[in-house]
């Protein structure tokens, strides 16, 4: 079990964390990125991105690999597969304890991201891995020539539904409103896809099966009518929940648990910053996460400069 000391420790190795790492290391601060899994975050599971500037189309894994290579160039130390036991953000230095060691940092950037929100219906948890999935890229190939149901109406839901048509014979999209929230260009493509069928003003109220998923119970939110939709898989894409279990209660958060920051990504604790999907941002995209990471690292570096100035004054 090791003991480590850094100027800046970044919790999370997705686009926000890697961007923060690049900017932090370039400021000559000793920098480490900790992640509970491999680096890359959610975008590593995206089949393609076509809205990241400079890359008209690129695989999610490929883009995050470039992020990581860039961080390596500046000597960012990486600690993947870290199971976090505790985080103390109020102490000085900040202390992060994992199963592999204790990390002390003068400042911390929280970039833990978010995870897909659960439907919260009967059968959902029971059938995870047996018909319920939150990653079409990961599991889509298992549904060749089958019928699947996507829940949601945003970009993620519609894009993943179109991806699933590469395998499935039929893809239902269940949306609780009568119009999609996805970008117009995404909608236009979806409405032209003959394998997609939209079920409007509806929600999934139960997932049923016999060892594997066989049925999605659908309720029309306007009429209350119940329909048993035969399906081999259910893919919920209804938003995200922040990964804040280790730090909840230490920094100010909104009603949904997302971390509240100012424009410099500063949280309610001095010397603690947050970036990317974990904070209360109006847009959750790779580009905004990367931007957050850059801002947080710049201001974390300024915070470190302030600490050094105070230390110099105290030494006189």
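The values are calculated or read from the model by the stated rules, or taken from the named source; none is laboratory data. Note that the structure is a prediction, hence the values are computed from the model and not measured. Cβ sites come from the backbone with ideal geometry, for glycine too, and all protein chains shown count toward neighbours.
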What number of residues within region 136-153 are in contact (Cβ under 8 Å) with a residue 40 or more places away in the chain, touching a helix residue (DSSP H, G or I) at 6+ places or on another chain (Cβ under 8 Å) and assigned to a helix (DSSP H, G or I)?
-> 4
Quick one: would you say residue 156 is surrounded by fewer than 17 Cβ atoms within 10 Å (Cβ to Cβ), part of a helix (DSSP H, G or I) and modelled with pLDDT under 95?
-> no
Residue that is surrounded by the fewest Cβ atoms within 10 Å (Cβ to Cβ), among those in region 53-87 that are free of Cβ contacts under 8 Å to residues at least 40 places away in the same chain and outside any helix (DSSP H, G or I) = 54
What are the residues in region 270-284 that are buried (at least 16 other Cβ atoms within 10 Å of the Cβ), more than 12 Å from the chain's Cα centre (by Cα) and farther than 14 Å from residue 304 by Cα, if any?
-> 274, 280, 281
Residue 22 vs. criteria at pLDDT 95 or above, in the same structural domain as residue 99 (by TED's automatic domain parsing), within 11 Å of residue 109 (Cβ to Cβ) and touching a helix residue (DSSP H, G or I) at 6+ places or on another chain (Cβ under 8 Å) = no
Among the candidates 181, 189, residue that is assigned by TED's automatic domain parsing to the domain that holds residue 217 and either closer than 20 Å to residue 119 by Cβ or in a loop (DSSP other than H, G, I, E, B) (or both) | 181
Within region 125-146, the count of residues that are crowded, with 18+ Cβ neighbours inside 10 Å and over 20 Å from residue 186 (Cβ atoms) comes to 6
Residues that are surrounded by 24 or more Cβ atoms within 10 Å (Cβ to Cβ) and over 11 Å from residue 9 (Cβ atoms), drawn from region 88-116 = 112, 113
Restricting the search to region 237-277, which residues are closer than 18 Å to residue 34 by Cα and either touching a helix residue (DSSP H, G or I) at 6+ places or on another chain (Cβ under 8 Å) or not assigned by TED's automatic domain parsing to the domain that holds residue 304 (or both)?
-> 242, 243, 244, 271, 273, 274, 275, 276, 277
